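Okay, so here's the structure we're looking at.
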Amino acid sequence: MLQPLAMTTSPKDIASEIEQLAGLYQRGVLSKSEFEDAKQRVLGQPSSKPTEASSNVTHTPPAPDALALTAVEVYVLPHANFDALVDAHRGVAIAILKNLGSTLSHRLRVTITELQALRG
């Protein structure tokens, strides 16, 4: 499941998160490769680990102007491949679009509620 992305955090927040990761690494909670991969995610750079993806779906690293609040993987289905999915499995394509619409609608309602709470 895709998780929401937060707006870019300040350099102090990024440094603090990397310091926390370093502490976990020093205490042996994270392996060196886990620490390096987590650090790359915090910095908005692709992980050094290869990803498994089907021929129709490609892995895309997080946008450099966004920071995920939790570990996420983002996949992109090119338009032509989605069209092929519609032709071959119309019900699956409809289910994907319904789920996407429902998820976006829910997130928008949550965002509106949070903005209204901030206004007081």
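The values are calculated or read from the model by the stated rules, or taken from the named source; none is laboratory data. These numbers were taken from a predicted model, which means no experiment stands behind them. When we count neighbours, we look across all protein chains shown, and the Cβ atoms used for this are built from the backbone with ideal geometry, even at glycine.
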Open item on the list: Can you find a residue that is assigned to a strand (DSSP E or B), at pLDDT below 70 and either under 29 Å from Val110 (Cα atoms) or polar (S, T, N, Q) (or both) anywhere in the stretch 38-51?
Closed with: no
TODO: Output the number of residues of the stretch 67-120 satisfying the condition of being under 30 Å from Glu17 (Cβ atoms), of a type in the set (S, T, N, Q) and more than 18 Å from the chain's Cα centre (by Cα).
DONE: 2
Open item on the list: I need every pair where a residue in the stretch 97-110 that is closer than 21 Å to Leu85 by Cα has its Cβ under 8 Å from the Cβ of a residue that is surrounded by fewer than 11 Cβ atoms within 10 Å (Cβ to Cβ), sequence separation at least 6 or different chains.
Closed with: none
Open item on the list: Checking the conditions here, which among Val74, Val92 is at pLDDT 85 or above and not hydroxyl-bearing (Ser, Thr, Tyr)?
Closed with: Val92
